[in-house]
1. In the Gaussian network model of the chain, springs joining C-alpha atoms below 10 Å, which of Ala357, Ala171, Ala301 carries the largest mean-square fluctuation?
2. May I ask you to give the percent of accessible area on the range 159-296 that is carbon plus sulfur, with a probe radius of 1.4 Å?
3. Using θ = phi - 60° and the Karplus relation 6.51 cos²θ - 1.76 cosθ + 1.60, list the HN-Hα couplings for the range 153-161 in order, rounded to whole Hz, with x at every Gly or Pro.
4. Along the range 250-255, what does the Karplus equation 6.51 cos²θ - 1.76 cosθ + 1.60 (θ = phi - 60°) give for ³J(HN,Hα), rounded to whole Hz, x for Gly and Pro?
5. Among all the lysines, which ones have a C-alpha under 16 Å from Lys221's C-alpha, if same-chain residues fewer than 8 places away are not counted?
6. Return the single residue from Gly219, Gly324, Gly253 with maximal mean-square fluctuation; model: Gaussian network over the chain, springs between Cα atoms under 10 Å.
7. Using Cα-Cα distances under 8 Å and only pairs 6 or more residues apart, what relative contact order does the range 58-121 have, in percent?
8. Using a 10 angstrom cutoff on alpha carbons, build the Gaussian network for the chain and name the most mobile of Gln395, Gln203, Gln127.
Amino acid sequence: MFIQRCINCATEFDLDERIYVCSHCGDLLDIERVEPLAEGPDELRAIWSDRLKSSDAHDRSGVWRFREFLPFASDVQVVSLGEGNTPLYDAPRSAEYCGLTSLKLKHQGNNPTGSFKDTGMTVAVTQALSLRMHLVACASTGNTAASLAAYAARARMACAILVPEGQVSDAKLAQALDYGAKVLEIEGNFDVCMRVIKELAEQSSLYLVNSINSFRIEGQKTVAFELAEQLGWQSPDHLVVPGGNLGNSSAFGKGLREMLEHGLTRKQTRISVIQAEGAAPFARFYDSGQFVVEKQPHTLATAIKIGAPVSWKKASRAVNETGGCVITVSEQEIADAKATIGRDGIGCEPASATTVAGIRKLVIDGFIKKDERVVAVLTGHLLKDTDYVIKYHSQTLTTPDHKLIRGTFGNAITRVAARPCAIESALKNL
Ligand SMILES: *Cc1c(COP(=O)(O)O)cnc(C)c1O
């Protein structure tokens, strides 16, 4: 048995109530188990491990494999694309760049639509199906749109997405269009899109699946379970995530907390959140103690170009509870960290690289020690924003206020004549 509960006034709501925030005080909702779980930690680990050998779609999903912690009856029809099951990579070059002995990267870009949004979307769209909704919708900087469009298509539901005009990469838009979503371009930034769609969701029968929707958070929290399993149920010392709307950091906080409560892990992992300098309301909240919306957020890392993050209270709970920290990194730092991750043969989109840039700073500050066990979460796939990559490597990438970003690790294309000797000479220094 699960319920929805307000994180502020603790009012309870049934799971099938279509609400996104508390109807009394307007604060965020948490999904909460109200009956104890029958299985103990050893039994749970054994069940989850057995499911890896199963061919059942439910078991193959890296999210639904951990369904003991998801708020659904066992016979529910799930909308899945085989999400989760993402690799945990050793990244020696990135580790060296950060000044660490070793560094692991949990690559959520290896999800069906190329970002971590799929792990939450499978649960939110499954809930939409249970509620018999006909239209699902979201505001998006691109990845939520691509993800929702795909899962809505699987569920044969109509889907509408609001995107800020001219601010979404072609790759992300292409996905949403191909999956058949109705794409609405809004004049204004993501925060404007988010505000309108929230208003609309209160008056109409569409189902909103931004991360304000706590079913999204439930799906995303399973990534913490998958990660713990990959580490042999040994908690890392630090988990570092990019911060945009702050759903992902909230979800990791909830996942880590539930694993500790159920004895699946023993040690607290510190969750730290990294924001881009130009879109850093959460980092500023940690500096000043006051949460103020950033009116004109700007960063090339468009997935985290957000000035009014809806989940900041849940994320601050995660950071405070675990003893993490919140910092910012510059556009130059993001770009160089991204290229470094690329040189590990891994790659990611700009927003994801804030993690490695942030870890490097936290090692210099002494917050992270050289030999500690650190995991960075890469949130999106390299191919989500190729324009950025090509520009960086050809020394033409500029910040939103037109300053050149150095291609410190630039890898420019070389033009060569179609002659073996010309090619040979071009390859001489390799
Ligand atoms: C959505 C997204 C983020 C930000 O996650 P939040 O949960 O909004 O903080 C970061 N990186 C990528 C690639 C994303 O798609």
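1. Residue with maximal mean-square fluctuation among Ala357, Ala171, Ala301: Ala171.
2. Numbers: 2530 of 5330 Å².
The nonpolar share, carbon plus sulfur, comes to 47 percent.
3. 4, 4, 8, 6, 10, 6, 9, 10, 10
4. Per residue, the Karplus-derived 3J(HN,Hα) values read 4, 5, 4, x, 5, x Hz.
5. The reachable lysines, counting only those whose Cα sits under 16 Å from Lys221, are Lys106, Lys117, Lys254, Lys314.
6. Comparing Gly219, Gly324, Gly253 in a Gaussian network model of the chain, the most mobile one is Gly324.
7. Numbers: 73 pairs, mean separation 18.3, N = 64.
The normalised contact order for the range 58-121 reaches 29 percent.
8. Per the Cα network of the chain with a 10 Å cutoff, Gln203 tops the list.
The values are calculated or read from the model by the stated rules, or taken from the named source; none is laboratory data. As the structure is a prediction and not an experimental result, all values here were calculated from the model. Glycine gets a Cβ as well: all are built from the backbone with ideal geometry, and neighbour counts include every protein chain shown. Note: areas computed on protein heavy atoms with side chains; ligands, DNA, RNA excluded. Shrake-Rupley method; radii C 1.70, N 1.55, O 1.52, S 1.80 Å.
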